[in-house]
Amino acid sequence: MRTTVVTGSASGIGAATAQQLRDAGHRIIGVDLHSAEVTADLATPHGREDAVAAVLERCSGVLDGLVTCAGLGPHVDDVTRIAGVDYFGTIAVVDGLLPALRAGRNPAAVVISSVASTHVSWADNPIAEAVTTGDESLVAAAVEAGGDYRGQFAYAAAKNALTVAVRRRAAEWGAAGVRLNTVAPGAVDTPLLAASAEDPRYGEAIRGFAAPIARHGRPDEIASLVGYLLSAQAAFIHGAQFVIDGGIDAMLRPTAF
Ligand SMILES: NC(=O)c1ccc[n+]([C@@H]2O[C@H](COP(=O)([O-])OP(=O)(O)OC[C@H]3O[C@@H](n4cnc5c(N)ncnc54)[C@H](O)[C@@H]3O)[C@@H](O)[C@H]2O)c1
């Protein structure tokens, strides 16, 4: 039986992923604020340390898979917390569990980023310095320039930094025998999207978000891609980002990829 960690397992994409993997025979160690095998707050350094330690104890230091789904959306006003979970919390788990993944069988990790990762470039990313130095206290000041829309600004910045961080780990993780990829969803029907759609700042844009496949994605559709990327069929896929968005990125930016 494969042992796989899923963060954000209590809701949305994480819950669908945990369920599909359980159905495929994985033993799941879920990590979330509540309703999970490991409860921890990935927004705080302490919470991240506790999460990694509790997972290592439960898996006895050996993991076959990792999927990071825990995240906060742009509607959250505390911009430091958005980057705290979506970037710093995710990377702490990814790096903290690498030794256990190295000890696993055909190990692989999938990081849920977002199409928002392409909405800012690394050169213009306001939290590039904070993530490069690991100084989380710089984040709030760095995204203040986003004004009323600083939540979206922080979200795109955190997801851009996350995809860059994964790509930067391709050489080390490949040499370690652990595959690492990102999945970048567009709009997917989850509580996070519903909360953003109810926000007066973002609601109209989200409701008007018309992809060529004219509907939102379903969590189980993202989970299916994640399951494939974790599987032996994906053995040569490493360091890549997979957009799964009903075609909206191709429609809006056909020459940028
Ligand atoms: N839904 C979308 O349209 C969409 C689009 C692109 C990317 N994403 C990404 O997909 C991932 C999953 O989002 P979702 O839409 O399923 O959202 P969701 O709100 O349904 O699930 C997110 C989960 O993360 C957990 N979480 C939040 N803060 C946490 C913390 N501090 N510590 C531990 N767990 C925490 C929540 O409790 C929740 O169970 C996120 O990273 C999100 O950015 C979602």
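Every number here is computed from the coordinates shown, using simple stated rules; none is lab data. Treat the numbers as computed from the prediction; the structure is a model and nothing was measured. So basically every Cβ, Gly included, is an ideal-geometry build from the backbone, and we count neighbours across all protein chains shown.
In the chain, a dipole from Cβ-located charges (positive for Lys and Arg, negative for Asp and Glu) runs towards its positive end, and of Phe153, Leu225, Gly96 it is Leu225 whose Cα lies farthest in that direction. Length gained on full extension, Ala205 to Asp78, computed as 0.36 nm times the residue gap minus the Cα-Cα distance: 43.6 nm. Relative to one another, the C-alpha centroids of the range 134-200 and the range 27-103 are positioned 14 Å apart.
With a Förster radius of 22 Å applied to the beta-carbon distance between Ala250 and Tyr149, the computed FRET efficiency rounds to 0.35. Taking amide H positions as modeled 1.01 Å from N, with prolines and chain starts lacking one, the residues under 5 Å from Leu180 and 5 or more places away or on another chain are Ala109, Gly239.
Here each label is just a point 7 Å from Cα along the line to Cβ, and for Ile213 and Arg167 those points are 2.4 nm apart.
Quick one: helix 12-23 against the long Cα principal axis of the chain, what's the angle to the nearest 10°, folded into 0 to 90? The angle comes out near 20 degrees. Across the options Ala36, Gly14, Thr3, the greatest Cα extent toward the positive end of the charge dipole of the range 1-51 (unit charges at beta carbon of Lys, Arg, Asp, Glu) belongs to Thr3. For the range 163-175, 3J(HN,Hα) computed residue by residue from phi via the Karplus equation (6.51, -1.76, 1.60; θ = phi - 60°) reads 5, 4, 4, 5, 4, 5, 8, 4, 5, 5, 5, x, 5 Hz, glycine and proline entered as x. According to the calculation over all Cα-Cα pairs in the chain, the P(r) per 10 Å bin from zero is 7, 33, 39, 18, 2 %. Here each label is just a point 7 Å from Cα along the line to Cβ, and for Leu33 and Asp135 those points are 2.9 nm apart. Put simply, the amide H of Gly217, placed in the peptide plane, has neighbours under 5 Å in Ala187, Val188, Asp189, leaving out anything fewer than 5 places away on its chain. Ranking of Arg2, Arg22, Arg105 by neighbouring Cβ atoms within 10 Å, starting from the fewest: Arg105, Arg22, Arg2. Placing unit charges on the Cβ atoms of the charged side chains and taking the dipole of the chain about its Cα centre, the candidate lying farthest along the positive direction among Leu56, His26, Pro212 is His26. What is the range 105-257 by shape, rounded, prolate or oblate, if you read a ≥ b ≥ c off the alpha carbon gyration tensor as root eigenvalues and call it rounded for a/c under 1.5, prolate for a/b larger than b/c, and oblate otherwise? Oblate, because a/c is 1.5 or more while a/b does not exceed b/c. FRET efficiency for the pair Ser60 and Trp122, taken as 1/(1 + (r/R0)^6) with r the Cβ-Cβ distance and R0 = 35 Å, rounds to 0.40. Once both labels are positioned 7 Å from their Cα atoms along Cα-to-Cβ, the gap between Ser224 and Ile237 label points is 1.3 nm. Classify the range 52-170 from the C-alpha gyration tensor, please: rounded if a/c falls under 1.5, else prolate or oblate depending on whether a/b exceeds b/c. Prolate, since a/c reaches 1.5 and a/b exceeds b/c.
Each Lys and Arg contributes +1 and each Asp and Glu -1, all at the Cβ; summed about the Cα centre of the chain, the dipole is approximately 900 debye. For Leu138, Leu98, Leu42, the sequence from fewest to most other C-beta atoms within 10 Å is Leu138, Leu98, Leu42. Sorting Thr133, Thr90, Thr118 from the fewest to the most surrounding beta carbons within 10 angstrom yields Thr133, Thr118, Thr90. Multiplying the residue separation of Ala103 and Ala176 by 0.36 nm and removing their Cα-Cα distance gives an extension gain of 25.3 nm.
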